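Peer 1: Below is the structure I would like to discuss, written out as structure tokens.
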Amino acid sequence: MSRFLVTINGETWFKEEVTQEIGHALRVDKILYEGEVDHQHLIVFENQTFGRLFALNGFIQVSTRDEFIYHEMVTHVPVFAHGAAKRVLVIGGGDGGAIRELFRHQTIDHVTMVEIEGSVVDFSKEWFPGISAGAFDDPRLHLVIADGAEFVAETDERFDIIIVDSTDPVGPGKVLFTEEFYRNCRHCLTDEGIMITQCGLPFLQPEELKTAYDNQRQSFTDPRFYAIAVPAYSGGIMTLGFARAGGTDPDLVTLKARVAAAALDYRYYTPQGHQGAFAVPAYVDHILQTGRFGTE
Ligand code: SAM
């Protein structure tokens, strides 16, 4: 048994060390896979509440029960905020959930996805076929197995939306939080392009949010953040970065009209929730300004 599994009262539990002094545990009802993939520890297991989950190096990445929250909000917010997006770049996102939601929009012509680990795509297709739901076979997809930071530094292509569906800033994900990376993303955006970034849980990882904000500000005039609550990521709200190369946000009437024209159904996204998600708690604003929670 790996160090991520513990026995409590005769039952096996998966233990996630969220920080050095905080952990939480999920009962493991069934282990489907455990091993090393590309030097990373991978476990796929089932839990009655969250369904099927996978964790990389002890950190939960996705659960089948709540993945719709993250994947709907990381995609439909920029698509509807933009209003005429045709070309999208996804960096990371190897589970396929983001591209699944993007391809539901008939208006999107092309998605390039740059994922550093081809094995994540393979095991996601095998163990989580419902997350990508056939999106890897969509002819509009151009899948590139490479470092997303190198890709944006080298490509001449331009995109209406860039979605950085990354891990936290450790290992290969670290470079996706740097000033240089955001600058290169800015150059890859069309005039009214929008960049979305995964910025962690501000209550537990304030430095991740602050770093993203400070570095994005070097290339974008007004980076903002919106909040979602993903139950499988314990520690409160998660923040997603929203930075515009240009253009303005639609008002609610326009947003509703765009959503109606798309004629899709959602389990989380609503136009009102889209706007409301940008009303982040005061402590998030305080972190952006000072890097700290409050006066302590
Ligand atoms: N939704 C999840 C979350 O919020 O934590 C994460 C989605 S996905 C599993 C993150 C992906 O980013 C992983 O598959 C990882 O391999 C990929 N990734 C990390 N660093 C990368 C890089 N530099 N370039 C491209 N992909 C990267």
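What follows draws every value from the coordinates through simple rules; no lab data is involved. Keep in mind it's a predicted model, so treat the numbers as computed, not measured. Don't worry about glycine lacking a Cβ; one is built from the backbone with ideal geometry, like all the others, and counts go over all protein chains shown.
Peer 1: Distance between Cα centroids, the range 130-163 to the range 1-71: provide it in whole Å.
Peer 2: 27
Peer 1: Note the angle between two axes, namely the Cα long axis of helix 252-262 and the longest principal axis of the Cα atoms of the chain, as a number of degrees from 0 to 90, rounded to the nearest 10.
Peer 2: Roughly 70 degrees, rounded to the nearest 10.
Peer 1: In a shell of Cβ-Cβ distance under 10 Å around LEU201, excluding LEU201 itself, what net charge do Lys and Arg (+1) and Asp and Glu (-1) give?
Peer 2: -2
Peer 1: Also, quick follow-up: In degrees, nearest 10, range 0 to 90: what is the angle between the Cα axis of helix 118-127 and the longest Cα principal axis of the chain?
Peer 2: With both axes taken from Cα atoms, the answer is about 70 degrees.
Peer 1: Now for a separate question. Measure up LYS15/LYS125; LYS30/LYS174; LYS174/LYS256; LYS30/LYS210; LYS30/LYS125; LYS210/LYS256 against 28 Å on the Cα-Cα distance and list the ones that go over.
Peer 2: From LYS15/LYS125; LYS30/LYS174; LYS174/LYS256; LYS30/LYS210; LYS30/LYS125; LYS210/LYS256, over 28 Å: LYS30/LYS174; LYS174/LYS256; LYS30/LYS210; LYS210/LYS256.
Peer 1: Here's another thing I want to ask about it. Can you tell me the FRET efficiency between TYR33 and ALA279 if r is taken as the Cβ-Cβ distance and R0 is 45 Å, rounded to the nearest 0.05?
Peer 2: With a Förster radius of 45 Å, E is 0.65.
Peer 1: If amide hydrogens are placed 1.01 Å from N in the peptide plane, which non-local residues have theirs closer than 5 Å to the one on GLY193?
Peer 2: Excluding prolines and chain starts, which carry no amide H, the hits are ALA245, GLY246.
Peer 1: Pairs of Cα atoms under 8 Å, at least six residues apart: use those to get the relative contact order of the chain, whole percent.
Peer 2: The normalised contact order for the chain reaches 15 percent.
Peer 1: Around GLY171, under 11 Å between beta carbons, what's the net of Lys plus Arg minus Asp minus Glu among the other residues?
Peer 2: -2
Peer 1: Next up: Rounded, prolate or oblate: which fits the range 67-290, taking a ≥ b ≥ c as square roots of the Cα gyration tensor eigenvalues, rounded meaning a/c under 1.5, else prolate when a/b beats b/c?
Peer 2: rounded
Peer 1: Could you pull out every residue, at least 5 positions away or on a different chain, whose amide H is within less than 5 Å of the one on GLY23? Hs are placed 1.01 Å off N in the peptide plane, and Pro or chain starts have none.
Peer 2: Under 5 Å from the amide H of GLY23: VAL18.
Peer 1: GNM on the chain, C-alpha springs below 10 Å: top fluctuator among GLY97, GLY200, GLY273?
Peer 2: Maximum fluctuation in the GNM of the chain, among the listed residues, is at GLY273.
Peer 1: Now a separate question. Can you give the local net charge around TYR213? Use residues other than it whose beta-carbon is closer than 14 angstrom to its beta-carbon, Lys and Arg +1, Asp and Glu -1.
Peer 2: With Lys, Arg at +1 and Asp, Glu at -1, the net is -2.
Peer 1: Check PHE159: other-chain or 5+ apart residues with amide H under 5 Å from its amide H, H built from backbone geometry?
Peer 2: Here the answer is LEU189, THR190, since their amide H atoms fall under 5 Å of that of PHE159.
Peer 1: Still on this model: Compute the helix-to-body angle for 67-82: its Cα long axis versus the longest principal axis of the chain, expressed 0 to 90° and rounded to tens.
Peer 2: Tilt of helix 67-82: around 10 degrees.
Peer 1: ³J(HN,Hα) across the range 93-105 via Karplus (A = 6.51, B = -1.76, C = 1.60, θ = phi - 60°), whole Hz, x for Gly/Pro?
Peer 2: Ordered by residue, 3J(HN,Hα) equals x, x, 6, x, x, 5, 5, 4, 5, 4, 6, 6, 8 Hz.
Peer 1: Under the rule a/c < 1.5 gives rounded, and otherwise a/b versus b/c splits prolate from oblate, where does the range 91-148 land using the Cα gyration tensor?
Peer 2: Taking the square roots of the gyration eigenvalues as a ≥ b ≥ c, the range 91-148 is oblate.
Peer 1: For the range 85-191, what does the alpha-carbon gyration tensor say about shape, rounded, prolate or oblate, given a ≥ b ≥ c as the root eigenvalues, a/c under 1.5 as rounded, and a/b over b/c as prolate?
Peer 2: oblate
Peer 1: Using a 10 Å Cβ count of at most 10 others and DSSP loop calls, identify the longest part of the chain lacking such trypsin sites (Lys or Arg not before Pro).
Peer 2: In the chain, the maximal stretch lacking such sites is 4-266.
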